[in-house]
Each structure stands twice: as structure tokens, then as C-alpha cells.
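Take a look at the structure below.
The values are calculated or read from the model by the stated rules, or taken from the named source; none is laboratory data. Quantities reported herein were computed from a predicted structural model and do not represent experimental measurements. Cβ placement follows ideal geometry from the backbone for every residue including glycine, while neighbour counts extend to all protein chains displayed. For the accessible areas, the whole protein counts, side chains as well, though only heavy atoms, and no ligand, DNA or RNA atoms are used. Shrake-Rupley method; radii C 1.70, N 1.55, O 1.52, S 1.80 Å.
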Amino acid sequence: MRRHYLENKRSFLFGILCLLAAITITIGFGLWTGHGLNENGLINIYLIGLFLVGAVFASSSFDALQKKERGIAYLTLPASHFEKLLTQIVYNLIFFTIVYTFCFYVMSELFIVSAKHLAAIDPDHYSYRPIEWNEPDSIRDSFWYFLYVFFGVQALFIAGSIYFKRFSFLLTTCLLVVFVFFLMQYFMLLEAHYWRDLNLYFHESALRTLGAGPTKVYALPKGLAFGLKWILLLGWAPALWLVSWFRLREKEI
């Protein structure tokens, strides 16, 4: 991990500067064109940037394997495949998330101060709206679920950087879009023919009987529902990490 940092510290610094610039332009554009600032919008920008920038960063995890000379040097490096994969997971998941969140927090706080100041001196043209965390449909209810999905998306793009020699970001994105499309089609088909008010939390979903008769309502045991819920939320990342490890072991240049 120390070697990876020493080899890429200039790239990390350049990336942080670009990230700060992108965040500044995005939030600043919204502030000036929208004549105000809505913190709910900031959360949406944060999540979109987290997924988009994180995917780009993760898709470059194993760039060394795309060229013969660098790939041979990387594969013959005296470190296990697990250590190489773990290094990428730490930098792409933990390091990136912390740095991105810190950069976004600093810049958003600066713009929040500016928005409050503009709204105070010119309330007819500028406004500021904080997050209402206590509202029934606030972002609080779904924010953490987006982060759980982010772990799986990062793991997918890390795997894509091993599987695809070229255009790993583009090809992995296409694969993700196709997977999400067929997954949604499957759930829609399931709800249309078998389940009414399909509940992804696995409790109190109404099952339609195939023959005549009233619709019966079934509820999974709480323990099973709890396990299925968290397996679907957190199980993608470990499964894809395992796939990446097997693929890295058999990788040839």
C-alpha cells in the first residue's frame, strides 16, 4: 500500500485538485443560476458525484494490466494477488470515499455560508433552504442505502478493470446498465404475475394465488427477512471481490 501511494501520489494530488474544481463549478453554477441553495440538492450532487467519480477511479485500478510491459512488471511484483487486490479496495473504497467526502464537505460549507449571506442581504433574489431531516420522505431514509449500493458498484468497476483490457469504464458501465434493466424487468414481471405491492424489505408482501380464490398475505420470518435484506444490500461487493481475486490469479499478459 505504501508503494502504491509513492508511485501515485502526484496523480492523487492532481485528482484532488480536479475534484475540488469540479465540485466548485457544479455547486457554484447551481447557486448563481438557481438564485439560491437547497441542501437537498447538495446531497443529490454528492451522491451523483460519488458514483460517477468513484466509478472512473475504480475502473483505472488495474490499468497496469492493459499494457504488456507494465502488466508483466505488475504480475511479477513480489506480492500476493490478495495483497494487490486489497490495496486497490482500500484506495478505491476507503481512501477515495474519505477524500471525496471531505472535499465536498469543505466546498459545500463555503457555498452554504455564501448562500446564507446572499439570502440575508437580498432575500428577494436569493434563498437558502436547509435539509429537513425530520420530514417523512427526507433523504435520511434512503441516503445510507445509496452508500451500500456504492460499495457494490465500486467492486464491479474494480472487477471490470481486470476483465477488460481496453475501455473498461465504458464496457463496465454498459454491463451495469444491462444488468439493472433486466433486474427491473424481472421485478416488474414478478409483481405483475405473482406479487402485489412487492416489498423489497421481504415482509408483508401480498402473494397472488394462481387459481381462483382470495389473495393470501404471507410474511417471512423476521430473522430471514433481515438476513435477505442485508445480503442483497451488502453481498454484492464481497462476491465481486472474490470474482476479481480469482480472475487476477489466472490473469496472463
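The C-beta contact set for segment 89-114 (first residue closer than 16 Å to SER127 by Cα, second residue open to solvent by less than 30 Å² (accessible area, probe 1.4 Å) and not hydrophobic (A, V, I, L, M, F, W, C), distance under 8 angstrom, 6+ apart or interchain) comprises SER108/TYR46; PHE111/GLY28. I need every pair where a residue in segment 155-167 that is closer than 14 Å to LEU248 by Cα has its Cβ under 7 Å from the Cβ of a residue that is buried (at least 23 other Cβ atoms within 10 Å of the Cβ) and of a type in the set (Phe, Trp, Tyr), sequence separation at least 6 or different chains. Every condition considered, the pairs that remain are SER161/PHE62; ILE162/PHE62. Considering segment 53-133, the qualifying helices (runs of 4 or more DSSP H), each wholly inside and each with 3 or more residues that are buried (at least 17 other Cβ atoms within 10 Å of the Cβ) and out of contact with any strand residue (DSSP E or B) (no Cβ under 6 Å at 6 or more places or on another chain), run over 81-89, 96-121. Given the residues LEU183, LEU220, LEU233, which is the only one that is part of a helix (DSSP H, G or I), at pLDDT below 90 and touching a Phe, Trp or Tyr at 6+ places or on another chain (Cβ under 8 Å)? Exactly one of LEU183, LEU220, LEU233 is part of a helix (DSSP H, G or I), at pLDDT below 90 and touching a Phe, Trp or Tyr at 6+ places or on another chain (Cβ under 8 Å), namely LEU233. Residues in segment 36-83 that are closer than 26 Å to PHE150 by Cα and among the charged types (D, E, K, R): GLU39, ASP63, GLU83.
Which condition number does THR172 fail, the rest of (1) part of a helix (DSSP H, G or I); (2) open to solvent by 50 Å² or more (accessible area, probe 1.4 Å) being met? Looking at each condition in turn, THR172 falls short on (2).
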